[in-house]
Amino acid sequence: MRRALAGLMIFVISMVPFHVFAASALDMVKTNANSVLDVLRDPKLKGEAGKKVKEQRIEAAAEKLFDYVELSKRTLGLNWNKLSMDQRKEFVELFKTLLRNTYIDRITAYTNENVEFTREVQLTDTTTEVQSVVTRGSTRVPINYRVIKKGDDWMVYDVVIEGVSLISNYRTQFREILGNNPPQVLIDTLRKRVGK
Amino acid sequence: MRATGGLCLIVAFLLCCPLLHAQQDVPDIGTITIRDLRDSGDMPERPVAYTMAAETAFRKGLGVAEGGPGNFSVYASAKKEPPDEYGDVKAEDVGESAPALGSSSDPYGDVATDEGVSVAPRPRIADPLRPFNVAMYHFNDKVYFWVWKPAATGYSYVVPLPFRNLFRNFYRNLTAPVRIMNNLFQGKPGHAGEELAKFLINSTVGVGGLRNCAEECFGIEGRNADFGQTLGKWGVGPGFYLVLPFLGPSSPRDGFGFLVDWAMRPQTYVGTEFFDYQNVGLFVHEKINSTSFHIGEYEALKKAAVDPYVSMRDIYIQYRTDFIENR
């Protein structure tokens, strides 16, 4: 009896660290996405004032969900190394602002799309793809989130919409700019682009 | 006596737990070293000396910074240094399909694509006709903003949504032969059967294809297929990037595919010629009708881009490659 109890204790204790380790990427993205959807569905948040609040809450959620440094690194690839430390930091901020400006209107314009998280596919030891389908009327758009393990959290570093990867798309564009120009030109282009 | 043994075990385990935690928290320096060594065997093209040297330098640097060569100080300092997040990367194409950059706490981490994961190379397309394509891109852009968009906007004011839905279903149902045949060409009889079932249901219960009853009542979603995709499945590459007037981003392969699909469309035979004002007119109506459901999407893509031309080209090749490889 005691032996069984001791065995049970060992079993329970041994579960602790692994339990933390096994936090599912899908649950993580789903929870964050649902919190955003709750904000968007909130009937109290209407008009201009409501839109401001919505934007703030979405930004807060995005901050928790996205790893902008990882995203920037993967977007630039080897070109990342050509940037000085200050340029890297500025690039991350500018790219973040660019993405925010681009997508915040699209997100707040949400009407009644149905978001369904379907499954997760492990890509590597540390990365996983969380797959979802957004349904609006009769159109279904598959949206996949690629997440990387950071400590106990999963952070998004790429979004793949209908087979088109976000970071891949920007990488092609940035590579063209960096092909013939020094990194500062890219920074200046982005500055102009986000109106800074 | 037994209880003591059990207690010992528990205590031993409790003592081990921090180690487990530690192993989990530690940046992957250790494991990556092992992976480097392991990979150097089967991946001779990776310069192992380079990565090893880099890592040694990394350890040394941190060791100096910490004032001690101990392993734990290496780990501790690696964890303490947030600017390291901004450190160098080691490879281009970090394998979008199976990316494996080092974790942020280990910026010098190897970028080996991990074992067991096949990495599809990022799709790219040659663009030898760039000046022509850029001109065509601007032409199509103008056509969209000056013709398609106002036409579709006006059209959606005049024709209410239910009717536009009817038209969309009708046109989609008419082009069923294109999808059935291409699914067959691609060796997907199951998908072809789905499209055939959809066609039969919608043509009868859906009153000549006006209602999409197959999907609404029976949950048959249908399987898109076109001849460009069929050629891709057969191993034909896109060739090069080609922006077609009015039709948009394409390639010799997909342009030829469009012609073959055109020949398989029943609408084509409404006219007396392969292209005449009747079947092209129907096609234009189909386009305006479908554009009315998608106003704002092109604008959004364009707004998101830093270089819209390059962005569209990349979206085209990524989308088509995915359509060929994964469906």
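All of the numbers you see were taken from the coordinates with simple rules; none came from a lab. Keep in mind that this is a model prediction, so the values were computed, not measured. Don't worry about glycine lacking a Cβ; one is built from the backbone with ideal geometry, like all the others, and counts go over all protein chains shown.
Considering only Cα atoms, the convex hull volume of segment B:152-195 works out to 74 Å³ per residue. Sorted into 10 angstrom bins from 0, the C-alpha pair distances of chain A split as 8, 28, 30, 20, 8, 4, 1, 0 percent. Of B:Ile180, B:Pro162, B:Thr204, which is farthest towards the positive pole of segment B:162-249's charge dipole, taken about the Cα centre with +1 and -1 on the beta-carbons of Lys, Arg and Asp, Glu respectively? My answer, from the dipole projection, is B:Pro162. Computed over the alpha-carbon pairs of segment B:194-327, the distance histogram in 5 Å steps reads 2, 9, 12, 16, 20, 20, 13, 6, 2, 0 percent, short to long. For segment A:27-47 and segment A:67-120, what is the separation of their Cα centres, given in Å? Result: 20 Å between the Cα centres. Charged neighbours of A:Glu48, selected by a Cβ distance under 11 Å, balance to +3 (K, R count +1; D, E count -1). Over all other residues within a Cβ to Cβ distance under 15 Å of B:Thr153, the charged ones net out to +1, with Lys and Arg as +1 and Asp and Glu as -1. When the listed pairs A:Lys64/B:Lys90; A:Lys149/B:Lys90; A:Lys96/B:Lys149; A:Lys46/B:Lys303; B:Lys90/B:Lys233; A:Lys54/B:Lys149 are checked against a 22 Å cut-off, the alpha-carbon distance exceeds it for A:Lys64/B:Lys90; A:Lys96/B:Lys149; A:Lys46/B:Lys303; B:Lys90/B:Lys233; A:Lys54/B:Lys149. With θ taken as phi - 60° and the Karplus curve 6.51 cos²θ - 1.76 cosθ + 1.60 applied, the whole-hertz 3J(HN,Hα) list for segment B:258-273 is 4, 5, 5, 4, 4, 5, 8, 7, x, 4, 4, 8, 5, x, 8, 10 Hz, x standing for glycine and proline.
Computed over segment A:98-196, the Cα gyration tensor eigenvalues convert (square root of 5λ each) into semi-axes of 28, 20, 13 Å, ordered from largest to smallest. Normalised by 2.2 N^0.38 Å, where N is the number of residues, the alpha-carbon radius of gyration of segment B:193-233 equals 1.31. Placing a label point 7 Å from the Cα of A:Glu113 along the Cα-to-Cβ direction, the residues of segment A:140-156 whose backbone N falls under 12 Å from that point are A:140-144. Look at the stretch A:119-125: the mean tally of other chain Cβ atoms within 10 Å of its residues' Cβ atoms is 5. Taking 0.36 nm per residue of sequence separation and removing the Cα-Cα distance, the B:Asp141/B:His294 pair yields an extension gain of 53.6 nm. Amide hydrogen proximity for A:Leu123: with H placed 1.01 Å from N in the peptide plane, the residues at 5 or more positions away or on another chain lying under 5 Å are A:Thr128, A:Glu129.
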